[in-house]
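One structure is given here, and the rest of the page talks about it.
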Amino acid sequence: MLIQKKRIRSLKKYFENIKSEEQILIGIIVDDDNKKIIQMLGFSDSLKLGESLLPEVVGPITSYNANGKYVKRKDLPMEKATTQIEWTWKQFQGRNSFKEVTEVRDRDYLRYQRDFYPPPSVELKIDLLNDKNKLLVSPSYILNGGTEEIILHTINIYLEIFGRCEILDEAFHSISNTPQVSLNWEILPTGEIPWEQINDQLKKVIQRQSLGNQKVLQKRQDAIKEFSPEFFAVGRSGFNGYVVFGFPEKQLYVLESSEVNNATYILDKNWQELSGMTKAELLNANLHKARVIHTKNWFAEIGKLLS
């Protein structure tokens, strides 16, 4: 997966479809455009395989990587510190004679207390991609809860130097972050298409029912929409007649059927996982967090679950 930015602040967007515990590296293919830059970092002109070094400082990220950094603590009282300055003055020599004198003196001042963060010291290495191409790669990392910070830092080293990098597996293949696209569902994210168009799509789901039932189904959809779902997914093909109202922040997904005397399923699994399931798996497996029968208490129960 290629990342082209000046800097990123989170891995979430880039790693949400990469398996946990997978071994990854960050790298870039050596080409005519970046070869001189790589040599400026300290590598030899020949870029021999196995060369490894701490990259030259070119900006704040590589500076932190090589030297560490201080972070001001504005929440703490200020402290006394001393610095040295060069002081020059004219010294009286007698009989209206003066001599210019310079010496180094200490100067006290107040400053914010500071925390020192030691340098991560990530080194980059020349490796072989294939018979024709070389790579500049990072150390390998295991993707888990304890490595996000160092992976983010390593990516930002590449972005500061080159403006781009790739996420690679241990065989140096680029890892794709493209999720599986299920044709069983048409996902309608809010804020990206007009609300009227979303309403038109949702109405299509219930048009197969009688006019009286359509009004009931419309009221149910309106009741769920009151809680501002982040996306809608309308069933297609064999899933025709189903709508998913997505609330990712709450980890809730409401699966509503266009059948009047049916039930509403409240799911708490990832949508990526749900959208890849068959109809039988989705409806028959014990995946639901709650099942709300279509009775007079439906509106109150849905309100409790989503509020």
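The values are calculated or read from the model by the stated rules, or taken from the named source; none is laboratory data. Because the structure is predicted, anything quoted here is derived from the model rather than measured. Using ideal geometry, Cβ is built from the backbone for each residue, glycine included, and neighbour counts are taken over all protein chains shown.
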inquiry  = Please return the ranges of strands (runs of 3 or more DSSP E) entirely within segment 67-151 where 3 or more residues are over 19 Å from I28 (Cα atoms) and touching a residue at least 40 places away in the same chain (Cβ under 8 Å).
reply    = 69-73, 113-117
query = Any idea which residue in segment 271-307 is modelled with the lowest pLDDT, counting only those that are of a type in the set (S, T, Y), over 20 Å from L217 (Cβ atoms) and part of a loop (DSSP other than H, G, I, E, B)?
reply = T278
query = Condition test on E56, is it out of contact with any Lys or Arg (no Cβ under 6 Å at 6 or more places or on another chain), assigned to a loop (DSSP other than H, G, I, E, B) and without any contact (Cβ under 8 Å) to a residue 24 or more places away in the chain?
reply = yes
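Might you check whether a residue that is aliphatic (A, V, I, L, M) and within 30 Å of R73 (Cα to Cα) occurs anywhere in segment 125-142?
The answer is no; no qualifying residue exists.
May I ask you to list the residues in segment 1-14 that are among the hydroxyl-bearing types (S, T, Y) and not in a loop (DSSP other than H, G, I, E, B)?
Step one: filter segment 1-14 for residues among the hydroxyl-bearing types (S, T, Y), giving 10, 14.
Of everything in segment 1-14, just one residue is among the hydroxyl-bearing types (S, T, Y) and not in a loop (DSSP other than H, G, I, E, B), namely Y14.
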query = Would you pick out the residues in segment 138-158 that are more than 15 Å from the chain's Cα centre (by Cα) and of a type in the set (A, V, I, L, M)?
reply = I142, I157
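For T62, are the conditions met, namely being among the β-branched types (V, I, T) and either in contact with a Ser or Thr (Cβ under 7 Å, 6 or more places away or on another chain) or not assigned by TED's automatic domain parsing to the domain that holds I37 (or both)?
Values: among the β-branched types (V, I, T): yes; either in contact with a Ser or Thr (Cβ under 7 Å, 6 or more places away or on another chain) or not assigned by TED's automatic domain parsing to the domain that holds I37 (or both): no.
Against the criterion (among the β-branched types (V, I, T) and either in contact with a Ser or Thr (Cβ under 7 Å, 6 or more places away or on another chain) or not assigned by TED's automatic domain parsing to the domain that holds I37 (or both)), T62 does not qualify.
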Scan of segment 46-80 for residues that are more than 20 Å from I161 (Cα to Cα), surrounded by 11 or more Cβ atoms within 10 Å (Cβ to Cβ) and either in contact with a helix residue (DSSP H, G or I) (Cβ under 7 Å, 6 or more places away or on another chain) or of a type in the set (D, E, K, R) (or both), ordered by number = K72, R73, E79
remark   = E259 passes all but one of the listed conditions (1) part of a strand (DSSP E or B); (2) modelled with pLDDT under 80; (3) within 22 Å of I293 (Cβ to Cβ); the exception is number (1)
key: Meets criteria (assigned by TED's automatic domain parsing to the domain that holds L124 and more than 24 Å from L129 (Cα to Cα)) for K19   = no
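Restricting the search to segment 15-41, which residues are within 12 Å of L136 (Cβ to Cβ) and assigned to a loop (DSSP other than H, G, I, E, B)? Explain how you work it out, then say what you get.
Here is the first cut: in segment 15-41, the residues within 12 Å of L136 (Cβ to Cβ) are 25-31, 34-35, 37-39, 41.
V30, D31, N34, L41, listed by residue number.
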